[in-house]
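To start, the structure itself, in structure tokens.
The values are calculated or read from the model by the stated rules, or taken from the named source; none is laboratory data. Because the structure is predicted, anything quoted here is derived from the model rather than measured. Here the Cβ is made from the backbone with ideal geometry for all residues, glycine too, and neighbour counts use every protein chain on show.
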Amino acid sequence: MTSRVAVLFPGQGAYLPGVLAERLQYFPKAVEVLETVDAVAAEHGHEPVSPLLLERDAPAPEELLPHGSDRLDLAIYATNAAAFEVFAGIGQRADVLVGHSFGEFAALSAAGVVSVADVAHMACARAEAFQRAKPAEGGLVALDIPAWRAQHLIGLLDDPQLRLAIDNGPEQTVVSGPLDSLLKAEETATGLGFRATRLRAAYAFHNPLLYGAADLFRNATAGVELAEPRAAVFSPVLGRYVRTVADAREVIERNMVAPVRFYDALLALFRDGVRTFVEAGARQALTGMVRAALPPSAHAVPLLPSRGDVDRIVTSLTDVGMTVDWCPPVETAPSPSASTTADAPPRTAVHALASTAPEVPGAPGPQTVPSGRDRPHDRAKILAELADIYAEDLGFPAEMLTADIDLEADLGVDSVKQVALFQRVREQYGLSEPPSERRVRATTLEKIAELVEELRR
């Protein structure tokens, strides 16, 4: 059987600030995706999404969630849709498309079932449904146990509001429910020796607790025009391929409340001859699930595991045996007069990216005179000490921890671990607790060193 390729679209949590910064300029269709999503966001009264994906210092998820999931959901969808255009733009094609939770909307749009603009409208309608329904405060907890053991745990707690929400694989199941129910589940799982991890989620997704919001969402999206898929789509919510408009409508209407059988979907695709799974979204959560769930003959590759250029994408795909014949097109620089025309149209963040020259390593920048603890020898000493602290805890060689490497985007260190590591830094230097937004932005040793200097003053 000929090896087939599946493209996976992640859902909640698949957001990385600035993930498209050095990549989008070569792919006009990906640029169109961001422009379309920005236009829809404006119609619904939201700020544009493109700066979140094009600026490295854009807000982290922790900063976006307290203000509502509207913009974060749009950013996740825009990343998925743009990543798929990048994948197609380097000459690749998918045999089947699969979405995980909210990522099912991206799979449907990639298959031509629904337009990019309509999915963006649907994401806004989804957020508005939550605001109107006001479901009980809840969330998700990941348990490092198979689904059958998670079901036993739920039965032991005898809590009707606690549900098995997502089956990701043989060693990861996600349960959802109200906050007090989740706390009981965490305590019980931990007491039994299982690891429980609270996920970043504002609601009890894939749980009947969201039926009120789901009804509002269904009514708001009833008029969205759908078409039969132009490519194969497998739905983990339906547990089968999406073949008709009615199937697609069912995916959309059940997305909030139905459990996600992702593990079953992976097994079905593997049986159908899929051996390469490409994650078309930020980070690499689904990539890890594929590797944990399927035999070694299945290859999993994240398209955007971290920030970087297009060469990183090409290398990742060729490393798993895919043939990629791509080189960046030669561009001519715009004439000076073109950029100074008085009646030139306003420029969006996307337009600005397309004409911004990449930074040249070692190029001189604005010069400032260091003073006090900003002196270069102090900074170098702090950076060396930080590298030793983080290397000891993370198990990486100290020389690998350069000043600009991103702990989360490049090394996969999650936010919980970063908080614990910064606590060690505070103890080392006797620092006070910084404002949370300052700590959240300190994801490189350079920024952590700046924060150390600031708090020591």
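When 213, 185 are checked against the criterion of being in the same structural domain as residue 291 (by TED's automatic domain parsing), modelled with pLDDT of 95 or more and of a type in the set (A, V, I, L, M), 213 stands alone in meeting it.
Residue-by-condition table, conditions (1) closer than 21 Å to residue 21 by Cβ; (2) of a type in the set (D, E, K, R); (3) buried (at least 19 other Cβ atoms within 10 Å of the Cβ); (4) at pLDDT 70 or above:
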site: 255; (1), (2), (3), (4): no, no, yes, yes
site: 291; (1), (2), (3), (4): no, yes, no, yes
site: 325; (1), (2), (3), (4): no, yes, no, yes
site: 333; (1), (2), (3), (4): yes, no, no, no
site: 352; (1), (2), (3), (4): yes, no, no, no
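Taking residues in segment 95-109 that are without any contact (Cβ under 8 Å) to a residue 60 or more places away in the chain and closer than 11 Å to residue 84 by Cβ, and partners anywhere that are of a type outside the set (Ser, Thr, Tyr) and assigned to a helix (DSSP H, G or I), the pairs with Cβ atoms closer than 7 Å and at least 6 places apart or on different chains are 109/81; 109/116; 109/119.
For segment 200-230, give me each residue that is buried (at least 16 other Cβ atoms within 10 Å of the Cβ), aliphatic (A, V, I, L, M) and assigned to a loop (DSSP other than H, G, I, E, B). Within segment 200-230, 201, 202, 204, 224, 226 qualify. Of 98, 113, all but one fail to be more than 19 Å from residue 20 (Cβ to Cβ) and touching a strand residue (DSSP E or B) at 6+ places or on another chain (Cβ under 6 Å); the exception is 98. When each of 419, 413, 425 is tested for being modelled with pLDDT of 65 or more, part of a helix (DSSP H, G or I) and in contact with a Phe, Trp or Tyr (Cβ under 9 Å, 6 or more places away or on another chain), the lone residue that passes is 425.
Restricting to helices (runs of 4 or more DSSP H) lying wholly in segment 1-98: which have 3 or more residues that are within 20 Å of the chain's Cα centre (by Cα) and not assigned by TED's automatic domain parsing to the domain that holds residue 125? Break it down stepwise before answering.
Values: elements: 28-43, 50-54, 61-64, 70-89.
The helices (runs of 4 or more DSSP H) meeting that bar number zero.
Screening residue 407 with (1) more than 30 Å from residue 286 (Cβ to Cβ); (2) among the aliphatic types (A, V, I, L, M); (3) modelled with pLDDT of 80 or more gives one miss only, at (1).
When you scan segment 66-77, do you find a residue that is free of Cβ contacts under 8 Å to residues at least 12 places away in the same chain and surrounded by fewer than 17 Cβ atoms within 10 Å (Cβ to Cβ), even just one? Checked against the condition, which is being free of Cβ contacts under 8 Å to residues at least 12 places away in the same chain and surrounded by fewer than 17 Cβ atoms within 10 Å (Cβ to Cβ), segment 66-77 yields at least one hit.
If I ask for residues that are touching a Ser or Thr at 6+ places or on another chain (Cβ under 9 Å) and part of a loop (DSSP other than H, G, I, E, B), which ones from segment 231-245 would you list? If you could, list the steps in order and put the result at the bottom.
We begin by selecting, within segment 231-245, every residue touching a Ser or Thr at 6+ places or on another chain (Cβ under 9 Å); these are 236-237, 241-242.
Passing the criteria: 236, 237, 242.
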